[in-house]
Amino acid sequence: MAQGVLVFAEVAEGGLTAIAREMLGAGRRLADALGEPLMAAVLGSGVQEAAQEAVYHGADSVYVADAPALGHYETLPYSAVMAQIAEQTTPNILLIGMGDTGRELGPRLAFRLRTGLASDCVELTINPQTKLLEATRPVSGGNAMATVVIEHTRPQMATVRGKTMAPAARDTSRQGNIVPVAVHLDAAPAAVTLVERVKAEAAGVRLEDAEIVISGGRGLKGPDDFHAVLTPCAKVLGAAVGASRAAVDEGWVPSPMQVGLTGKIVSPKLYVACAISGAAQHMAGCGYSKTIVAVNRDPDAPIYQRANIGVVGDYKKVIPAFQKKCEELLK
């Protein structure tokens, strides 16, 4: 009989990623609601410390697949080992953080396990009557929310958007079982060979990790305003600078700055959208921000329908005035 919540605890540079801690926090709450244990799966090479950290962050049991072949993420080995762990633990619920790894791993693993998958979820609850997982996800470009229930197959799987779940608090007094998993991989040549890994150096706050994001759209008219207007304000607030697809397509800023359905998905505490109309593609990338502030000269811009605060005006006047006031308050 399926029981417990299993979390894929992603590892990077030897430690748990931020999204792994968020998934452990979400998993702990779901497991407590069901009265079932929380399990974590840690895959990689030399990941014993990360396994112990998973215990400190709420896991009752941690299944560790430690092998050189898992030293970096590859789809086929990771999905095979995760399927092995899921078959060994028979969880009721399986959670995966929807980062670059989870976005690919989730559907492949669901196929291997012959179960359903609720993708890009922003809220997870247990129905008190049915005891089933209810996973809420944005649909129609973020204009509506759908609740997905997987009734007849196990595990109930969900990939979860980053920054939507409170991370688990670290408690070094917690104790749990660390269970080694024997890794049995196909001896056939790998379908994909890693030739080189290049780590891009990013100045300032990473867009995905930022608690405050200031984005600009085509209404900025050119790349100079990103540097002259948005960047100084972002530095004062410790914010990241983003952009709409239109600004990226114009070549004003590089593609890693794009926020939207085909760019980065962000969920900051504060999202300031400057000269962005509010197309569905863009709002799908920022719509779950805690507070959205829209600055636009057009009072009929669609973004005002989604914004918590709207400022009708010229961003060249509004943003510097906002920056000056923030500087005064932060002294």
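The values are calculated or read from the model by the stated rules, or taken from the named source; none is laboratory data. Bear in mind the structure is a predicted one, so any value in this text is a computation, not a measurement. Cβ sites come from the backbone with ideal geometry, for glycine too, and all protein chains shown count toward neighbours.
Please find, within region 278-295, the residue that is nearest to Phe226 (Cα to Cα) out of those that are touching a Gly at 6+ places or on another chain (Cβ under 7 Å) and either crowded, with 19+ Cβ neighbours inside 10 Å or at pLDDT 95 or above (or both).
Step by step, filter region 278-295, then rank; the result is Val295.
Can we say Arg28 is in the same structural domain as Gly97 (by TED's automatic domain parsing), under 18 Å from the mean Cα position of the chain (by Cα), more than 21 Å from Arg103 (Cα to Cα) and not hydrophobic (A, V, I, L, M, F, W, C)?
Here the answer is yes, as Arg28 does meet what is asked.
Would you mind stating whether Val192 is touching a residue at least 24 places away in the same chain (Cβ under 8 Å) and out of contact with any strand residue (DSSP E or B) (no Cβ under 9 Å at 6 or more places or on another chain)?
Taking the combined requirement at face value, the residue satisfies it.
Collect the residues in region 30-59 that are in a helix (DSSP H, G or I) and of a type in the set (A, V, I, L, M, F, W, C), keeping them in residue-number order.
Those that are in a helix (DSSP H, G or I) and of a type in the set (A, V, I, L, M, F, W, C): Leu30, Ala31, Ala33, Leu34, Ala50, Ala51, Ala54, Val55.
State which residue pairs qualify: first residue in a loop (DSSP other than H, G, I, E, B) and inside region 246-257, second residue of a type in the set (A, V, I, L, M, F, W, C) in any location, beta carbons under 6 Å apart, and separation of 6 or more residues or different chains.
Correct list of pairs: Val253/Phe226; Val253/Ala243; Val253/Ala247.
Tell me, yes or no, whether region 289-299 has at least one residue that is under 18 Å from Glu211 (Cα atoms) and touching a residue at least 60 places away in the same chain (Cβ under 8 Å).
Within region 289-299, one or more residues are under 18 Å from Glu211 (Cα atoms) and touching a residue at least 60 places away in the same chain (Cβ under 8 Å).
If you check Gly242 against the conditions, is it crowded, with 20+ Cβ neighbours inside 10 Å and out of contact with any Pro (no Cβ under 9 Å at 6 or more places or on another chain)? So that I can check it myself, show each step before the final result.
Numbers: crowded, with 20+ Cβ neighbours inside 10 Å: yes; out of contact with any Pro (no Cβ under 9 Å at 6 or more places or on another chain): yes.
When the stated conditions are applied, Gly242 passes them.
Please enumerate the residues belonging to region 222-232 that are more than 25 Å from the chain's Cα centre (by Cα) and not aromatic (Phe, Trp, Tyr).
Residues satisfying the conditions are Gly222, Pro223, Asp224, Asp225, His227, Ala228, Val229, Pro232.
For Glu250, state whether it is loosely packed, with under 15 Cβ neighbours inside 10 Å and acidic (Asp, Glu).
No.
Could we say that Tyr271 is assigned to a loop (DSSP other than H, G, I, E, B), of a type in the set (Ser, Thr, Tyr) and either in contact with a Cys (Cβ under 6 Å, 6 or more places away or on another chain) or not assigned by TED's automatic domain parsing to the domain that holds Lys163 (or both) here?
Spelling it out, it is not the case that Tyr271 is assigned to a loop (DSSP other than H, G, I, E, B), of a type in the set (Ser, Thr, Tyr) and either in contact with a Cys (Cβ under 6 Å, 6 or more places away or on another chain) or not assigned by TED's automatic domain parsing to the domain that holds Lys163 (or both).
Output the strands (runs of 3 or more DSSP E) that fall wholly within region 144-190 and possess 2 or more residues being under 15 Å from Leu6 (Cβ atoms), among the aliphatic types (A, V, I, L, M) and in contact with a helix residue (DSSP H, G or I) (Cβ under 8 Å, 6 or more places away or on another chain), or say none.
The qualifying strands (runs of 3 or more DSSP E) are 156-160.
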